[in-house]
Every structure is written in C-alpha cells, then in structure tokens.
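> Shown below is the structure under consideration.
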Amino acid sequence: MFRYTVKRLIQGVITVWFIATATFIAMHSVPGDPLSGERLTNEEIRANLEARYGLDRPLFEQYLIYMGNMTRGDFGISFTQQNRRVNDIIREHFPVSATLGILAVVFAALGGILWGALTALFRNRLPDVVIMFLVILGISVPSFVVAGLSQLGLTSLNALFGVSILPVAGWGTLLHMIVPSLVLGLGTMAFLTRLMRSSMLEIINADFVRTARSKGLPPTRIFLKHQLRNAILPVITVLGPAIAAITTGGFVVELVFAIPGLGRYFVQAVQQLDYTVIMGTTVFYGAFLVFMVILVDLVYGFIDPRVRLE
Amino acid sequence: MAQDQSSGMTADSPGTAATRDPLSRVALRQIALLAIAATVGFVLLMAALSWASDLTSSSTTSVGAIDVETGTITLSLTQEPPQLDSTRLTDSVSGMILGHVMEGLLRYDINNQLAPGVAERWDIRTDGATFWLREEARWSDGEPVTAHDFVFAWQTAVDPATASQYAFIFYVFKNAEAINRGELPREALGARAVSDLELEIEFERPVAYFDKLVAFQTYYPIREDFYLSRDGRYAADAVDLLYNGPFEITVWVHGAHVRLEKNEHYWNRDEISLNVIDFPYITADGNAALNLYRDGQIAVVNGLGAESLDQVLAERWPVRRYSDGSVWFFQINHREEHPTSNYNLRKALQLVNDPGELVYKVIQIPGYTPGESLFPTWLNGQNGLFRQEYPAPTVTPNVALAREHLEQAKRELGVDEIPPIVLLADDTPGASKQAEYYQNRLMQTLGLDIRIDKQIFRQRLAKAEAGEFDLALYGWGPDFDDPLTFGDLFASWNLNNHGEYANAELDAQVRIAQESTDQATRMAAFGRIQEILIEDVAIIPNYERGVLYIQDPRLRGVGRRVVGPDPDYSRAHIVAD
C-alpha cells in the first residue's frame, strides 16, 4: 500500500510537469503576447516592458527560469494586474471556488445517490419516469441557461414577496451560496443519478441479495449493507474527477452570480494571454485534478476490500 | 428550485408509496431518513464553509440600489480594476475608479469642460507652463498635496524601470523621451517644484493642448514617502494607496467588492453629496447586471446590448444613451504584396460601404452613428465643433461606380479575380456580426471572396502589428480632448498604423498639428488630414460607438464623458422619490 502510494505520487509529479511544459509551449506558440497593447506607440516603451518581465530573453531560458521558480512554489507576477502575485490570486480566489465546488459536489453526490436508488426501486413506474425525465433535462441543459433562468426566477421570487428573500448575485453569506451551488451541482447530480440507477439495478436482484433475503436478514440491513454499499462504487469512481471538474469548471456560474472565484481568472487569463496567470492556474488545477484521482484510487481499498492495490 | 423539489418529494414518498414490495417500503423509510440526515449535513456544511469563507472575503450586505438615509449608491463593475497605479493604468474600469479617488492639476467638470483641480491657476506658454497649487488640497492622511508629489509621479511614469505604457503622454516634457529610453536619469525631467505650491514645467516642443493633457490620469500625483514605504506594492490593495480625490477606497476585496467612501480631507468636500459608492458585484455578464437592477440591488446598468434592449423596453425603463467617443473603421493594409495596396480596389470598397445600413440594420443599437471620418463628431475645433468647422468629405455609396473601379483594379493587378481578402476581427459577438455583414455585402456587390479571421483581442493585435490582414475592424478611443489624439494615428511612424500607410503630405500635416500653437493652423491641418484619409482611402470609417444605459431615476448628476473617468458619480446626488 505504501509503495503503491509513493508510485502514484511520483507519476502525479511527472504528469504535472508534463502539463506545465505543454502549457508553456502552447502559450508561447499563439500569436501575440501579454504586452501587446494599443497604447505602445514606440519601441522604447515596449522594450522597457519586455525587460521588466524577462520576455527579452531566449524562450528556453525563460522556461528554465519559470520552472525553477515554480518548484519553489513561486508562480510570478500577473501581467494584467502588475502588482499582484499569482500565488495571491490563487490563495484568495481558490477558497471561494472550492467552497462553491464542495457544496455543489455534496449536493450532487447526495442527490445522485438518493434519486438513483429511488428510481431503481421504482423501476419503470411513475417516479422513475418523472425523475429520469428531469435527469435528462439536467444533463442536456447547459449551466449558463440554468444559471440565468434561476437568477431570473430569484428576481421574480423577490418581486413577488416584495423583499429580498435570496440574493440575486454576490458572495459572502450562507444565502449567497445556496442557488449557485445547486446550479453548479445540477449536471453532476443528474449524471450520478443515472450511474447510481444502473449500478443499483444490477445489484437489486443479485445472488447475494437473494441469499441475504432468504436467510432472513432485515430489509434495512439488506438495503444498506448489501445493495447500497455495492452499488455505490462506480459513483465513488467518478466522484474524484467530478470534484475537480466542478471546482474548476464554475466559470459560468461565477460569472452569472458575480462570485469572486478562481474560474474567471482561469478563463480571462487565456483571453488576455496573461502568461503567468495561465501557467499558475493551469498547473494548480492540473495538480489538483491529479491529486483527486490518486485520492479516489486510494479510497477504493477502504470501500471495497476486493480491490487490493498493488 | 431543485432543492425545494427534492425535499418535497422525499417528504411525500413514504405516504404515497403504496408499494407491493415490502422491501422497498422499508428502503423508502431508510431513504427518507438518509435524506433528512443529508439535508441537515448540507446545512451544517454550508454554515462551516460560510464561516471559513468569512476569513477570506467580506460579505455582500445589501442595502439596495439607493439608500437615501446614508447617501449610499450601489453599483456593479464589469471587471476587477486591474491596475490602480496611475503611472501604469491603461483600462477604463481602473480609470473610472481612480478618477473618483484622485485628482490631477485640472479635471473635467460635469459639463465636460476643464475645471481647476489641485491647481488654482496656471499659465501655459510656448516653452513651458507654471501651475500654482491650492493651499487647502490634502491627501487622505491630512498632509498637504505639494508640487513635489506631481514631480515624483511624473518622473516615475517616464522611468524605464516602471515600464509605463503611457510614458509617451509625457514626451512633450523636456528630456522625457531620452529618460524613457534610459539615456538620462529621471531627475532630468523638465518638471520642477519651485516651492511646495509652485510647479514649473519645461517643454521639449511647443504644445497647444497641454491643459488637456494635465487632466489625464497618468498625471495624477503620488507622494514619494508613501510610494517608497509600500515597497513595490503601491496600489496593490486599498491600504497601499493614498488618495487626494473626492472619495477614498475603504474596501477592496479582489474580484468581489470595491467600496468608495467620501474623503473628509478633500478640499472641495462641500461639493460632494454622496457618502458611499459601493461596488459589491463584479461580473461581466450583462444579464446578471440587468437582474440585479430588476431586483433593486444596483442603480445603473451600462452598455446594454441589442438583446437586452428588448427586455429593458418591455420593462418600460427609460433608456439613456451617450457617445463613448470611440471611432470604428477598417484599417487597410497598404503593404505592396497585399491587393488592398491598389487604390482602385480600395476605392471600390469605399464606394460599396454603407455605414448607414451597418448602423441601422445590422448593429441596431440606438446611439451608434454612421462613421464618416477618422475624427468623431464630438471633437472640439477652434471655436465650435471640429466637424462643423471642417465637414468630412461625403462618400455616397455607388455600386456601379465601384464595379468600374474594381475592373480597373483587376487590370492594374494583372489578375482575373481578386484573391481572397482577409478580414481580421475580434471574436466578440458584435464584431462577428459586423464581419459577417461585410462578408455578405462585399460578395454581393463586388463578388469578392472575404475570409474572416476571428481572433481574441491580443492575438488580433499581434496579427495586425505583423501586417497579417487585408482589412481589419478597428476602433480607437481618445486619450485627451484634442483632435491630435486621433490625428497622428496614420502618420508613417505611428505603431498603430498597422497597414503601414505612408503619405508624405499627411506626415507633414501631422507635424504641423503637433508643433504649432496656433489653433487655426492646427485645425486646418486636421481638416487636411481628414480629407487625405478619405480621398486616398487610407481607411474606411464604419461608425461612432454609442452606449445605452439605464439608471435609477432617483440618482441625478452622473457625468458621462468621452474623455476622462466614465461614468463620473463624484458629483451625483440622490433625490427622494
């Protein structure tokens, strides 16, 4: 187990290094650079800027300097916000994205398992049909539509009652978090519901369930210990990447609900060709994703003793 | 909404579950229990997370769009201000914020006329200028604003180590360009504090519009001891700035919240009516801003697009408009290897261009006006508006004549068909729509094959600089209120002249406009530049941009400007309804 963990961690480091290098190369191959601006009306001003950011050096040297700083945990200074360090941007904004993401994942996982089990128990009857219809809606309607509609719904709700029941946008209190996290988790919840349903259906009449029933175990025990526990494994598998995807993919929800998360920096940096922020956020998110996948693999062993990690 | 549904369903399900299978009945009870536990857990988790997030950000507490009692207005920003260091600032959001918290020697008043700021009076000569500062001007820590603060800020801006993009705006100062090139020390700058209240400036060359330059944001003062004490973090946070304007920043949570409160040390504080200007929402999403307005959370929504206009009209909110001062046109590539270097082809393009159709049928946003010149209609001339003194040459769309020019161009270029024309455009929805309109228009009228090259802003700029285009949709906004801010764009040495248009007569006229101090001579030069650009088809004007916005009727006296901080809430006031 220990050896396996170490091996996975080393693989993870190599993956992150690969992500960093690939991003570096891709970023420098697109036309333009973060210093392009309409107000640079002479060469001196441009040369001053290049010298300040070290862009006047050969690309390979820039790469070595960047990698050296990165291994020391220093992502450099943003190009668009010239007095903010990328480390500060991540430190200030990732907790917001993470809070939103964790809430969304909890909501998605609980909802998904619950609805999934329910549809399996009611297979092909009305609750199953209704829920699966909603699930298909949840999977196919993109989050910017759901976000926009739910925000519009909030304004109508507040107008109806004449007072502000739930805030339309913004961040900071419990009330601000509810709707955005529900919207963010909706897609994943729908996906997990389907997954849970099919995996529950496989198990619901499995041999070991029949055996358990025939030896007179109470139905509660059968459901919790034999059915749910076995059916939940595929859900755990996708949960790791889902956490990473939700935490990093909140850009649209953050935009609509004016939430100061890291997502907008991730997207805007690419539009602005802000080299240091692109590198910082990509490497950070990449490392986060790799870490989550490793974590899920390790958690397997605890949930299903049949999975012995070698 | 989904949460409501889920709790509703699970509460009902044990009752409605008249199931035949005893197993599922028990299982349902289990699920109901699980659901209750999950809901409780979810709420607890939210509470914990909200407590944790308090450590990293301040909360958005809502007082509504306008609070009469406390004199507070609430607004939203489209983005976090990227740069509040006046020497490095380039974008409009930062410029708007800084315009409320800083004041230069001169400022623009609510009617967009120059008014005294920190300077009480001034004298501008051909070789230099003198400014006398008002004694009562104070920084937000109570210290007086002195001439040294301006000298320090300006030296910092031209210092090559600062690498300011706007360093060029100081090039009228003696030695500024040499300092910026690193050839002279920053102390050599032609600006000197004679005393605490007297500022002496030496020019490199005569400059007729210096009073207008002085109102520009890069000319704001910075106090040396404070700047140095921040150790490279000047303007990085609210506490890393010192203010001399009508407001000061009291809260700046990056990406989330900016709050301006009245600066009690401001010399003209009696003129300021608002106590707080709060920006607790930062989002680029126009619909989100509209929803906030609908919910009574913000007082102004700026820059309504054609889609949101319908919603706004349906709500019967009065729509206001103003011109943002920018002019949009085709940059044309005049390099020899490009077909557009041929005069007759350019003439053909000019003759089929119909700015009226573009503005009224394609863009369809009131406030946009058809473009006729590089010089926008709002520019001041010698006595009145420049465009009234020097009307732009009229070009009437004429497809038949355009086709004749096209045939001529084909003969001159020695081709049967004009090769595909590359049209470089931004990747914004608006630019895409315009590019597609032109693609269709030029195909139908001239049979030209237009290839649209959509790029994000910086890549579009890089491609334009490299000359990788034939036509480019391009806009230019003013830096100061003088025709020169547009007039020198197509001088052969200007780096924004991406098509490398070179015309000796135009260059000569630009020099006259730059160096003469006689307004009549200068305006005549701009008039000639305007003619050359149209006659020689150096560019093809498309439109002047307008901005639509809605504003809470209780909020009055908001300044809208083409030059300087926009919108300007500093002199606004609230009327009770």
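The values are calculated or read from the model by the stated rules, or taken from the named source; none is laboratory data. Please read all numbers here as calculations on a predicted model, not as lab measurements. FYI the Cβ positions are ideal-geometry reconstructions off the backbone, even for glycines, and counts take in every protein chain you see. These area figures cover heavy atoms from the full protein model, side chains too; ligands, DNA and RNA do not enter into them. Shrake-Rupley method; radii C 1.70, N 1.55, O 1.52, S 1.80 Å.
> Please state the shape class of chain A: rounded when a/c is under 1.5, otherwise prolate if a/b exceeds b/c and oblate if not, all from the C-alpha gyration tensor.
Taking the square roots of the gyration eigenvalues as a ≥ b ≥ c, chain A is oblate.
> Considering all projection directions equally, how large on average is the shadow of the alpha-carbon convex hull of region A:94-260, in square nanometres?
11.1
> Which residue fluctuates most in the GNM of chain A (Cα springs below 10 Å): A:L100, A:L184, A:L217?
Looking only at A:L100, A:L184, A:L217, the largest GNM fluctuation is found for A:L217.
> Hey, another quick one. Taking only complete DSSP H runs, can you tell me which helices of chain B stretch 27 Å or more along their own long axis by Cα positions and average at least -1.0 on the Kyte-Doolittle scale? Let's see the in-between values first.
Values: long enough: B:22-54 (48 Å, 1.37).
Sorted by number, the helices that extend far enough and score high enough are B:22-54.
> Which whole-number percent gives the relative contact order of chain A, counting Cα pairs below 8 Å spaced six or more residues apart?
29
> Sticking with this one: With a Förster radius of 51 Å, plug the Cβ-Cβ distance of B:E315 and B:T126 into 1/(1 + (r/R0)^6) and report the FRET value to the nearest 0.05.
The value I calculate is 0.35.
> To test your reading of the geometry: what angle, between 0 and 90 degrees and rounded to tens, separates the Cα axis of helix A:263-272 from the longest principal axis of chain A?
Its long axis makes an angle of about 40 degrees.
> Okay, next question. For the interface of B with A, what's the total buried accessible surface in square angstrom, probe 1.4 angstrom, rounded to the nearest hundred?
Chains B and A together bury roughly 7000 Å² of accessible area.
> Per Stokes-Einstein, at 37 °C and 0.692 mPa s, what whole-number D in µm² s⁻¹ belongs to the protein assembly as shown, with the Kirkwood radius over Cα pairs as the hydrodynamic radius? Intermediate results must be reported in sequence, preceding the final value.
Details: Rh = 30.7 Å.
So the translational diffusion coefficient is about 107 µm²/s.
> Let me ask another. Within chain B, what percent of beta bridges assigned by DSSP are antiparallel, to the nearest 5?
Numbers: 55 of 69 bridges.
If we restrict to bridges inside chain B, about 80 percent are antiparallel.
> Same structure again: Nearest 500 deg cm²/dmol is fine: what mean residue ellipticity at 222 nm does chain B get from its DSSP H runs of n ≥ 4 alone, each adding -39,500 (n - 2.57), divided by its residue count?
Working: 17 runs with 193 residues, N = 577.
Calculated mean residue ellipticity at 222 nm is -10000 deg cm²/dmol.
> Mean residue ellipticity at 222 nm from the helices of chain A, using -39,500 (n - 2.57) per DSSP H segment of n ≥ 4 over the full residue count, to the nearest 500 deg cm²/dmol?
Computed mean residue ellipticity for chain A: -24500 deg cm²/dmol.
> What number does chain B give for Rg over Rh if you use C-alpha atoms and the Kirkwood radius?
The Rg/Rh ratio comes out at 1.06.
> Carbon and sulfur atoms: what percent of the 1.4 Å accessible area of the protein assembly as shown do they account for?
57
> Moving on to the next point. Which of the aspartates and glutamates could a cross-linker span from B:K361 if the Cα-Cα distance has to be under 16 Å and same-chain partners fewer than 8 positions apart are dropped?
B:E307, B:D310, B:E436, B:E544
> Between region A:55-89 and region A:121-188, what is the C-alpha centre distance in whole Å?
Distance between centres, Cα-based: 40 Å.
> Could you order the peptides A:256-269, A:5-18, B:471-484, A:83-96 from most to least packed, using the average number of other C-beta atoms within 10 Å per residue?
A:256-269, B:471-484, A:83-96, A:5-18
> Got a sec? Which residues of region A:56-100 lose 30 Å² or more of accessible surface with every protein chain in place, vs. that chain alone, 1.4 Å probe?
A:T80, A:Q81, A:Q82, A:N83, A:R84, A:E92, A:T99
> Now, a different point. Which one of A:D128, A:D33, A:D56 has the biggest mean-square fluctuation once chain A is modelled by GNM with Cα springs under 10 Å?
A:D56
> Which percent of Cα-Cα pairs in region B:272-332 sits in each 10 Å bin, short to long?
Computed distribution, short to long bins: 16, 42, 30, 11, 2.
> Counting other Cβ atoms within 10 Å of each Cβ, which GluC sites (Glu not before Pro) in region B:332-417 have at most 10 and sit in a DSSP loop? It would help to have the intermediate numbers written out before the result.
Numbers: sites: B:E336, B:E337, B:E357, B:E372, B:E389, B:E404, B:E407, B:E412, B:E417; in loops: B:E336, B:E337, B:E372, B:E417.
Listed in order of number, the matching sites are B:E336, B:E337, B:E417.
> Let me ask something else. Just the number please: accessible area per residue for region B:508-560, 1.4 Å probe, all protein chains included, in Å².
Value returned for region B:508-560: 31 Å² of accessible area per residue.
> Related question: Given a 1.4 angstrom probe, what's the average accessible area per residue across region B:332-395, in square angstrom?
43
> Let me ask something else. Quick one: if you stick a label point 7 Å off each Cα along the C-beta vector at B:D270 and B:I110, how many nm between them?
Placing both labels 7 Å beyond Cα along the Cβ direction yields 1.6 nm.
> May I ask for the angle, rounded to the nearest 10°, between helix A:43-53 and the longest principal axis of chain A, with both axes built from Cα atoms and the value confined to 0 to 90°?
Relative to chain A, helix A:43-53 is tipped by roughly 50 degrees.
> Round to the nearest 0.05 the FRET efficiency obtained for B:T521 and A:I165 when R0 = 56 Å and r is the Cβ-Cβ distance.
The value I calculate is 0.25.
> In addition: Which angle between 0 and 90 degrees, to the nearest 10, do you get for helix A:174-204 versus the longest principal axis of chain A when only C-alpha atoms count?
With both axes taken from Cα atoms, the answer is about 50 degrees.
> If you don't mind, there's one more thing I want to ask. Quick one: the Cα spread of region B:103-242 along its three principal axes, in angstroms, biggest first?
Largest to smallest, the principal-axis extents are 40, 38, 29 Å.
> Next up: So if I place +1 on the C-beta of Lys and Arg and -1 on the C-beta of Asp and Glu, and nothing else carries charge, what would the dipole magnitude of region B:103-242 be about its Cα centre? I want it in debye, nearest 20.
Rounded to the nearest 20 debye, it is 420 debye.
> Related question: As a test, work out the antiparallel percent of DSSP beta bridges whose residues both lie in the protein assembly as shown, rounded to the nearest 5.
On the way: 56 of 70 bridges.
Bridges in the protein assembly as shown that DSSP calls antiparallel: roughly 80 percent.
> Only four residue types carry charge here, +1 at the Cβ of Lys and Arg and -1 at the Cβ of Asp and Glu. Report the dipole size of the protein assembly as shown about the Cα centre in Debye, rounded to the nearest 20.
Result for the protein assembly as shown is approximately 5140 debye, rounded to the nearest 20.
> Here's a follow-up. Leaving out ligands and nucleic acids, note down the accessible area per residue over region A:170-310 with a 1.4 angstrom probe, in whole Å².
Per-residue accessible area for region A:170-310 comes out at 40 Å².
> Name the residue from B:P565, B:L484, B:V327 whose Cα lies farthest towards the positive end of the charge dipole of chain B, charges +1 on Cβ of Lys and Arg and -1 on Cβ of Asp and Glu.
B:V327
> Let me ask something additional. Taking each residue of B:252-259 in turn, how many C-beta atoms of other protein chains fall within 10 Å of its C-beta, and what is the average? Each step should come with its number before you reach the end.
Numbers: counts 0, 4, 8, 13, 10, 5, 0, 0.
Averaged over the peptide's residues, the number is 5.
> Residues of region B:151-169 that become at least 40 Å² less accessible with every protein chain present than in their own chain isolated, using 1.4 Å: which are they?
When all protein chains are present, B:A163, B:Q165, B:F168 each give up 40 Å² or more of accessible surface.
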